[in-house]
1. Counting only residues that are touching a residue at least 60 places away in the same chain (Cβ under 8 Å) and assigned to a helix (DSSP H, G or I), which one in the range 190-199 is nearest to residue 95 (Cα to Cα)?
2. Within the range 174-189, does at least one residue satisfy the condition of being assigned to a helix (DSSP H, G or I), farther than 22 Å from residue 102 by Cβ and open to solvent by 80 Å² or more (accessible area, probe 1.4 Å)?
3. Any residue in the range 2-24 that is over 11 Å from the mean Cα position of the chain (by Cα), surrounded by fewer than 18 Cβ atoms within 10 Å (Cβ to Cβ), assigned to a loop (DSSP other than H, G, I, E, B) and at pLDDT 95 or above?
4. If you go through the range 32-46 one residue at a time, do you hit one that is at positive phi and at pLDDT 95 or above?
5. Any chance you could count how many residues in the range 111-129 are without any contact (Cβ under 8 Å) to a residue 60 or more places away in the chain and either open to solvent by 30 Å² or more (accessible area, probe 1.4 Å) or of a type in the set (Lys, Arg) (or both)?
6. Looking at the range 48-99 only, could you name the residues that are surrounded by fewer than 17 Cβ atoms within 10 Å (Cβ to Cβ) and of a type in the set (D, E, K, R)?
Amino acid sequence: MTTAASLVLLAGVVTEARGQDARTAKLPGSLFRQLDAAKVYPALYKRERERERPSWQRFLRSAREAYMDTHPCSTAVLERRYRTGFRNSWSTVLATWRCDGVPEWEQQFLTCAADHEGGRTFPDVWYGGSRGWQGGRFAGSDRVVGHVQVRPYHARRIVPALAVTDADRTVTLETFLIITDPVNHARIAAQVGVGAFAGSTQATCL
């Protein structure tokens with residue numbers, strides 16, 4: 001199979017976009033099927049076949065790693081690297097900003113803002129210090145959450161179909177899960193921009 005044909009095989013099953021909920025982004029399905037992956041990565045396939053005890057699961061893992069190494073800025077790859085523990089939440093935020101071409105000055109501002117807001121350790125810190133889903137405890141309170149403390153209605157920047165407006169700031173489990181995913185969180189923070197932060201944060205970080 002030619003390189004072009006291999007890329008078509010991969011591209012044909014990737015359904016992702018920068019504006020989508022990163023949690024739904026998936027690696028190409030061909031990377032989970034032995035014969036399809038063999039067409040894209042014949043050298044890896046050959047090497048596995050020549051082992052004394054071939055393992056097709058090991059081959060498929062190698063194929064997925066090869067794909068992720070060459071597509072580091074794919075939304076699916078950014079998300080998978082986080083979900084598998086390859087990167088922590090904050091490292092995922094930084095990787096997403098780099099991949100999306102967020103200007104260096106803005107990355108520095110947002111990093112400084114995180115130090116004054118939710119911190120760089122946990123992706124699910126609420127204003128006030130609580131962590132995790134609060135079972136509706138903050139519903140309607142317009143609480144902010146995450147490394148840079150974004151508001152629940154900002155989830156519509158990732159999922160425009162959400163029935164959430166600036167006037168309806170109720171915290172739901174859905175909006176909480178969307179905005180605390182680090183890939184989504186990074187993109188929301190970059191979209192809302194410097195002007196969304198408190199004057200004290202701007203004065204400190206700009």
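The values are calculated or read from the model by the stated rules, or taken from the named source; none is laboratory data. Because the structure is a prediction, the values reported are computed rather than measured. Cβ coordinates were reconstructed from backbone atoms using ideal geometry, including for glycine residues, and neighbour counts include every protein chain displayed. SASA here: full protein model, heavy atoms, side chains in, ligands and nucleic acids out. Shrake-Rupley method; radii C 1.70, N 1.55, O 1.52, S 1.80 Å.
1. Checked the range 190-199; the qualifying residue nearest to residue 95 (Cα to Cα) is 190.
2. Yes, the range 174-189 contains at least one residue that is assigned to a helix (DSSP H, G or I), farther than 22 Å from residue 102 by Cβ and open to solvent by 80 Å² or more (accessible area, probe 1.4 Å).
3. No - not one qualifying residue is present in the range 2-24.
4. no
5. Count: 7.
6. Within the range 48-99, 49, 50, 51, 52, 53, 58, 61, 65, 69, 83, 98 qualify.
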